[in-house]
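Each value in this text was obtained by applying a stated rule to the coordinates, not by laboratory testing. Every value quoted in this text rests on a predicted model; they were computed, and no experiment measured them. Cβ placement follows ideal geometry from the backbone for every residue including glycine, while neighbour counts extend to all protein chains displayed.
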Amino acid sequence: MPVSVLDPERYRGDFAILSVSSPRGKPLVYLDNAATTQRPRAVIQAIVDTYEHHYANVHRGIHWLSDRTTDLYEQARDAVQRLIGAERREEVIFTRGTTESINLVARSWGEAFLRPGDEILLTEMEHHANIVPWHQAAARTGAKVRFIPITDEGVLDLSSLDQLLSARTKMVAVTAVSNVLGTVNPLESIITKAKSVGATVLVDAAQSVPHLPLDVSRLGADFVAFSGHKMLGPTGVGVLWGRAELLDSMPPFLGGGSMIRRVTLEGFEPAELPSKFEAGTPPIVPAIGLDAAIEYLDAIGLPAIHQHELALTRHAHERFAELGGVRLLGPAPEQKSGVVSFVVEGVHPHDVAQLLDGEGIAIRAGHHCAMPLHKRLGIVASSRASFYLYNTFADVDHLVDAVAQTQRRLRRK
Ligand code: C6P
């Protein structure tokens, strides 16, 4: 058996759902963590405790219960600030998720800074959440969307970056880790080059903040977006980190309560950060749950989590290579995180996922919200296994054995 720096058995007991069985009585093998992770008891308990003991609306009430909830909500902001190394707590904006965070920037920053003829540079491996909002921004402003290509191996082809970047490039928006290929992108060199032409940089960190340390004070980017539900936290909360001076220079995204200093019949004056971008009742309990998730992850350490996922990825690559008849997408494990997408020769990815489901193994199949990437790879869909801290080498073995069984079954037909 391969070894890992982290023993998942120490943590599996914290996740009640990992003990459930499928309707066919098979134990759950959960390998769909890039879609959403599971929650440990500590996170669920934080949610229950909040609703049972500390729940009211925040920043509104003149009563002790609202003050208590407000303190917990703001402590969650402090936890995110520490996690990502933000200089100022008001640079942390709570949103509903990565999708909303990127839409906020595309809409609000786009309105303030994009002009006809400007260029927005993305990559061919982006999730739709980091493509569609920019198409929309381009349609509104007359800017143009361009793409950094990828190689056949599934890494960014940076040889064309110097040609793609120019004084017209106003935004470079790039994923830190591909949700399909697992590729960990060389952010620092991309950001350095983007900055040399004066571009603003957004990092889609949905698949990286949960798995790899990320320090915004050193990264050099201007915006970073991620989701709570991909890092053991609840759904309904995400984060946009942005440089305060940029956030200050942008118009509010949504209008309503909380985001104003003053409203008159003639107009309004926006509030200071972070309230300016948190219109309406925010995701109070999800944010408090996210705080508990960050505490849980902190106690284990993201470097150990990443090393563990790498070991699982390496094991999956080796076992699939031995098996044969499986095309692995993306580069070698050393350049990846814990995402293994594959195509079983002669079998539709949906059929693979369905047959694995029969064995209690949960993976994802389809285009994974990355249609342009699949087109570039010459396929319409793929199957994807994605790991987290509670996955074991035995989970990987179940996956590969079930794929082997699928191959045998379909060959017989
Ligand atoms: N990817 C997947 O199965 P939301 O849905 O807003 O929390 O995250 C959107 C998002 C943005 N960027 C990347 C790189 C992502 O992977 C995701 C979510 C899930 O791959 C659901 S489609």
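For the residues 242, 142, 154, a GNM of the chain with alpha-carbon springs under 10 Å puts the largest fluctuation on 142. Axis of helix 187-196 versus longest Cα principal axis of the chain: the two differ by about 40°, to the nearest ten degrees. Under 5 Å from the amide H of residue 32 lie the amide H atoms of 386, each residue being 5 or more positions distant or on a separate chain, with H modelled from the backbone and absent for Pro and chain starts. If a spin label sat at a point 7 angstrom from the Cα of residue 318 along the line to its beta carbon, the backbone N atoms of the range 338-366 nearer than 18 Å would be those of 338-340. With contacts taken as Cα pairs under 8 Å at a separation of at least 6 residues, the range 238-328 carries a relative contact order of 18 percent. Remark: the Cα gyration tensor places the range 304-359 in the prolate category, a/c being 1.5 or greater and a/b exceeding b/c. Please check which bits of the range 354-371 a label hung off residue 26 would reach, taking the label as a point 7 Å along Cα-to-C-beta and the cut-off as backbone N under 18 Å. Of the residues in the range 354-371, 354-366 have backbone N under 18 Å from the label point off residue 26. For the range 238-307, what class follows from the C-alpha gyration tensor (a ≥ b ≥ c being the square roots of its eigenvalues): rounded when a/c is under 1.5, otherwise prolate if a/b is larger than b/c, else oblate? Here the range 238-307 falls in the prolate category. Fully extending the segment from residue 375 to residue 196 would add 61.3 nm, taking 0.36 nm per residue of separation and subtracting the current Cα-Cα distance. Here is the size of the range 1-154 from its Cα atoms: Rg then Dmax, 21.7, 60 Å. Between the helical axis of 284-300 and the longest alpha-carbon principal axis of the chain there is an angle of about 50 degrees. Helical content alone sets the calculated 222 nm signal of the chain at -11500 deg cm²/dmol, taking -39,500 (n - 2.57) per DSSP H segment of four or more residues and averaging over every residue.
Residues whose amide H falls under 5 Å from that of residue 95, counting only those 5 or more places apart or on a different chain, are 238, 239, 240, with hydrogens built in the peptide plane.
Computed from label points 7 Å out along Cα-Cβ, the spacing between residue 42 and residue 132 is 3.5 nm. Candidate cross-link partners of residue 336 among the lysines, defined by an alpha-carbon separation under 20 Å and a same-chain spacing of 8 or more, comprise 230. Loop-located trypsin sites (Lys or Arg not before Pro) in the range 13-91 (DSSP state other than H, G, I, E, B) with a sparse environment of at most 14 neighbouring Cβ atoms within 10 Å: 24, 60, 88.
Rounded to the nearest 20, the Cβ-based charge dipole of the chain about its Cα centre (Lys and Arg +1, Asp and Glu -1) stands at 1060 debye.
By the rule of a C-alpha distance below 13 Å, with chain neighbours fewer than 8 residues away ignored, the aspartates and glutamates paired with residue 144 are 118, 119.
For the range 67-144, applying the loop criterion from DSSP together with a ceiling of 12 other beta carbons within 10 Å to the GluC sites (Glu not before Pro) yields 87. Considering only alpha-carbon pairs that sit under 8 angstrom and 6 or more positions apart, the relative contact order computed for the chain is 23 percent.
Listed by chain and number, the lysines placed with their C-alpha closer than 17 angstrom to that of residue 195 are 170; residues fewer than eight positions away on the same chain are left out. Helix 64-84 axis versus longest C-alpha principal axis of the chain: approximately 60°, rounded to the nearest ten. Computed from phi, the 3J(HN,Hα) profile of the range 199-205 under the Karplus parametrisation 6.51, -1.76, 1.60 (θ = phi - 60°) reads 7, 8, 10, 10, 10, 7, 9 Hz, with x in place of Gly and Pro. Karplus-derived 3J(HN,Hα) values for the range 136-144, using 6.51 cos²θ - 1.76 cosθ + 1.60 with θ = phi - 60°, are 5, 5, 5, 5, 6, 10, x, 7, 10 Hz; glycine and proline are entered as x. Pairs of Cα atoms in the chain fall into 10 Å distance bins, from 0 up to the last occupied one, in shares of 5, 22, 30, 25, 14, 4, 1, 0 percent.
The amide H of residue 172, built 1.01 Å from its N in the peptide plane, has 121, 200, 201, 202 as neighbours under 5 Å, considering only residues 5 or more places off or on other chains.
The range 206-237 and the range 70-97 have Cα centres separated by 12 Å. Only Cα sites of the range 95-178 enter the Debye sum here, all with the same form factor; the resulting log10 I(q)/I(0) across q = 0.15, 0.26 1/Å is -0.53, -1.29, listed in q order. Computed from the C-beta positions of residue 409 and residue 35, the FRET efficiency with R₀ = 25 Å rounds to 0.45.
Counting other Cβ atoms within 10 Å as a rough exposure proxy, the listed residues 401, 32 run 401, 32 from fewest neighbours to most.
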